[in-house]
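Remarks on the structure that follows.
The values are calculated or read from the model by the stated rules, or taken from the named source; none is laboratory data. Because the structure is predicted, anything quoted here is derived from the model rather than measured. Glycine gets a Cβ as well: all are built from the backbone with ideal geometry, and neighbour counts include every protein chain shown.
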Amino acid sequence: MLARFREASAHAFERAMADNTQQIIGLLDAPGTEAMLDVGCDDGEKTLLFARALGATCICGTEVVEERVAVARSRGIQVTIADIEDGFPFPDAGFDVVTSNQVIEHLADTDRFVREVYRVLRPGGFAVISTENLASWHNIAALILGWQPFSLTNVTAQRLGLGNPLALHREESWEQPPTWQHRRVFAYRALVELFESHGFEVAAVRGAGYYPLPRSVARLEPRHAAFLTVKVIRPA
């Protein structure tokens, strides 16, 4: 029974992730962009999708896992190996657009992350940031049952699925870098207010994934979607 549920959950999660990628691309409506930065670019596969949507001519990224860096560089991305907890290794106002997908929830110092995004953006530039939603219905259901929310079950190196019997990969050993653990997960209002408190103008918020309800609902009501994506502008 649990195995079938996890299989169905994995399928729903993958569909939500795909929808989320499309939501990000839909917010990258600045054709002719010259320089973009993808913070936490992983192997660069999605970075190239974002760059294509923007028409970016200078594609930069940061990544801390060296094996992923090698793959991203092979795809033509200018990747800097960096722990972004220490700041971004780039000059002020050097980018037209900053993207970051599923990164902010892994950071201990989210204030520094947001300040650095602001710093490296040129005035009038924008950022598109995506993350999991603490207030998604499946996280709320887990809390009602007295379980760890799904988005915070990978918070230890000892095991996956901590505190949630239905979590994906539960009982499996943790074989990923410590930087892949989740530290903070935001809900809709907190994510918006975080960027506003650092001087950004919030232009749009999108949701993706709404299990157990149809995923199309997330486009109408993002506050309880599985993923949130925010587009924020550095004022000119």
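What the table below lists for this structure:
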quantity	calculated
Unmet requirement for Y210, which otherwise passes all of (1) of a type outside the set (S, T, N, Q); (2) at pLDDT below 95; (3) touching a strand residue (DSSP E or B) at 6+ places or on another chain (Cβ under 7 Å)	(3)
Counted residues, the stretch 8-25 - those being closer than 28 Å to C58 by Cβ, surrounded by fewer than 19 Cβ atoms within 10 Å (Cβ to Cβ) and out of contact with any helix residue (DSSP H, G or I) (no Cβ under 8 Å at 6 or more places or on another chain)	3
